[in-house]
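Presented below is the structure to which this report refers.
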Amino acid sequence: MGDDDTTPILRLEEVRRSFGDVVITEALKGIDLEIFPGEFTSLVGPSGSGKSTLLNIMGLLDRPTSGRVLVHGDDTTTLDDQAITRLRGRTLGFVFQFHHLLTAFSVLENVMMPAALDGGGFTQEMRERALELLDAVGIASQADKNARQISGGQQQRVAIARALMMEPDLVLADEPTGNLDTASAAVVFELLQKINDDTGTAFLLVTHDTELAEACPRELRIVDGLLC
């Protein structure tokens with residue numbers, strides 16, 4: 001975790017992203033953005049506005065065509081793919097609309113997976129941390145079940161626990177409640193808020209839900225590749 005609340009976790013400077021060789025589509029048109037420790041932010045915008053492209057750049061899953069992405073003040077532009085992967089794994093967590101749990105593994109093993117991939121296997125220490133996280137999201141009793149044996153809302157809670165396994169500074173959540181019924185969505189949103197309050201982990205939520213977006217202390221809107 002970063003110690004200095006005055007340094008942004010993530011800073012985008014004049015970030016542009018274009019696609020195509022002959023016909024060029026500019027998805028992002030010069031984005032400047034800072035995300036600070038402890039922030040709880042929503043990102044909204046119509047389909048085709050550049051939300052997914054921006055999230056991929058913020059998550060170091062894609063590189064900008066031009067501009068810079070800084071993590072804790074360090075420029076990622078010159079890093080090779082291996083260094084980017086390492087930095088992403090240790091700084092960022094991800095929660096998606098579809099939880100992407102591995103159904104060949106138990107709930108507990110799914111939560112441990114990011115640490116196991118980083119460290120080369122499961123350890124007792126990882127197991128203890130994963131159980132703590134499952135307890136924090138309210139489903140420690142499901143730890144030994146296969147991931148496919150639990151409900152959609154529970155699966156999303158497992159995905160949140162997994163995103164927190166490496167103690168990220170920032171969790172990027174792409175429509176984390178979009179695949180859930182209203183009641184389950186409200187529970188998941190409240191859980192994210194509680195984790196933010198309890199741990200200071202920053203969250204950025206991409207959502208189509210205007211009520212949810214407005215409930216966040218900071219709301220970003222993107223239209224035609226520009227923040228407004």
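Tabulated results
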read-out	value
Failed item, numbered, when Pro64 is tested on (1) out of contact with any Asp or Glu (no Cβ under 8 Å at 6 or more places or on another chain); (2) closer than 27 Å to Gln149 by Cα; (3) of a type outside the set (Val, Ile, Thr)	(2)
Conditions (1) out of contact with any helix residue (DSSP H, G or I) (no Cβ under 7 Å at 6 or more places or on another chain); (2) under 15 Å from Ala163 (Cβ atoms); (3) touching a residue at least 24 places away in the same chain (Cβ under 8 Å); number of the one not met by Val95	(1)
Index of the failed condition, Asp62 passing every other in (1) in a loop (DSSP other than H, G, I, E, B); (2) closer than 15 Å to Pro8 by Cβ	(2)
Residue that is modelled with the lowest pLDDT [pool: residues in segment 206-228 that are open to solvent by less than 80 Å² (accessible area, probe 1.4 Å) and touching a Phe, Trp or Tyr at 6+ places or on another chain (Cβ under 8 Å)]	Leu212
Filter result for the condition that a residue is farther than 21 Å from Glu39 by Cβ, crowded, with 16+ Cβ neighbours inside 10 Å and not β-branched (Val, Ile, Thr), over Ala173, Ala163, Ala140, Ala136	Ala140
Qualifying residue in segment 185-192 (condition: among the small types (Gly, Ala, Ser) and free of Cβ contacts under 8 Å to residues at least 12 places away in the same chain)	yes
Selected residue (criterion: modelled with the lowest pLDDT) from residues of segment 1-25 that are in a strand (DSSP E or B) and open to solvent by 70 Å² or more (accessible area, probe 1.4 Å)	Thr25
Extreme residue, farthest from Ala215 (Cα to Cα), among residues of segment 42-87 that are basic (Lys, Arg) and open to solvent by 50 Å² or more (accessible area, probe 1.4 Å)	Arg86
Candidate set: segment 88-109, residues that are under 24 Å from Ile35 (Cβ atoms) and open to solvent by less than 20 Å² (accessible area, probe 1.4 Å); chosen: the one farthest from the chain's Cα centre (by Cα)	Thr91
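The values are calculated or read from the model by the stated rules, or taken from the named source; none is laboratory data. These numbers come from a predicted model, not from an experiment. Note: ideal-geometry Cβ built from the backbone for every residue, glycine included; neighbour counts use all protein chains shown. Note: areas computed on protein heavy atoms with side chains; ligands, DNA, RNA excluded. Shrake-Rupley method; radii C 1.70, N 1.55, O 1.52, S 1.80 Å.
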